[in-house]
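Single-structure report; data block below.
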Amino acid sequence: MPLSAYDLAALIRGDGMRITPVAVYRSLDRLCRRHEAEKVVTLSAYRIKDRAKALLMICQGCDRTRSVSASKLHDAIVQIMSETGFCSDGIAIEVTGYCQECQRTADHVHDEDA
Ligand SMILES: [Zn+2]
């Protein structure tokens, strides 16, 4: 589950270490530049980067994220950026919705209402 910089600072403080949010942001920035973490723009949070050129699915029920390979989509976006002369500093392809587990739970709740 993605965590915000403030969530991470609170977790670190919970372990008895002292850290400022600025220091957390600095560390997250370094991890993102090394492609070890990525920002989930929709949630203003960070997650471990497990795939390059991915499409990120964000569940609105449980806040879990899942990445799937989308290299052709990324390449198409890069091509469009090149054709339009837009200078991109990053591509984030994020889709919000509900994971299969949350859909099952919603179906279950719906069945009980019937
Ligand atoms: Zn879910």
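The table for this structure:
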| quantity | calculated |
| --- | --- |
| Exposure rank, largest accessible area first [Arg47, Arg104; 1.4 Å] | Arg104, Arg47 |
| Taking the chain and dividing mean pair separation by its residue count, relative contact order in percent (alpha carbons under 8 Å, at least six apart) | 22 percent |
| Accessible carbon and sulfur surface of region 51-114 relative to its total accessible area, %, 1.4 Å | 52 percent |
| Table column - 3J(HN,Hα) (Hz), region 80-91, Karplus curve with 6.51, -1.76, 1.60, x for Gly and Pro | 4, 4, 5, 5, 8, x, 6, 8, 8, 10, x, 10 |
| Choice from Lys53, Lys72, Lys39 with maximal GNM fluctuation in the chain (Cα, 10 Å cutoff) | Lys72 |
| Zone residues, region 43-57, relative to Met81, backbone N less than 16 Å from point 7 Å out along Cα-to-Cβ | 52-56 |
| Along principal axes, Cα extents of the chain, largest first, whole Å | 53, 49, 19 |
| Tail weight of P(r) past 12 Å, computed on alpha-carbon pairs of region 51-114, percent | 73 percent |
| Candidates Ser69, Ser88, Ser27, ranked by Gaussian network fluctuation over the chain, Cα under 10 Å, top entry | Ser88 |
| Summed residue charge, Cβ within 10 Å of Pro2's Cβ, Lys/Arg positive, Asp/Glu negative | 0 |
| Computed lengthening from Ser4 to Glu36, 0.36 nm per intervening residue step minus Cα-Cα distance | 9.9 nm |
| Per residue solvent-accessible surface (Å²) - the chain, probe of 1.4 Å | 74 Å² |
| Rg/Rg_ref, region 1-49, where Rg_ref = 2.2 N^0.38 Å and atoms are Cα | 1.08 |
| Theoretical gain in end-to-end length, Ser88 to Ser44 [0.36 nm per residue, Cα-Cα removed] | 13.9 nm |
| Fraction of accessible area attributable to carbon and sulfur, region 1-49 (%, probe 1.4 Å) | 57 percent |
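The values are calculated or read from the model by the stated rules, or taken from the named source; none is laboratory data. Bear in mind that the values here come from a model prediction, so they are computed numbers and not experimental data. Positions of Cβ are backbone-derived with ideal geometry, glycine not excepted, and every protein chain shown enters the neighbour counts. Each accessible area value is taken on the protein alone, full model and side chains, heavy atoms only, with ligands, DNA and RNA left out. Shrake-Rupley method; radii C 1.70, N 1.55, O 1.52, S 1.80 Å.
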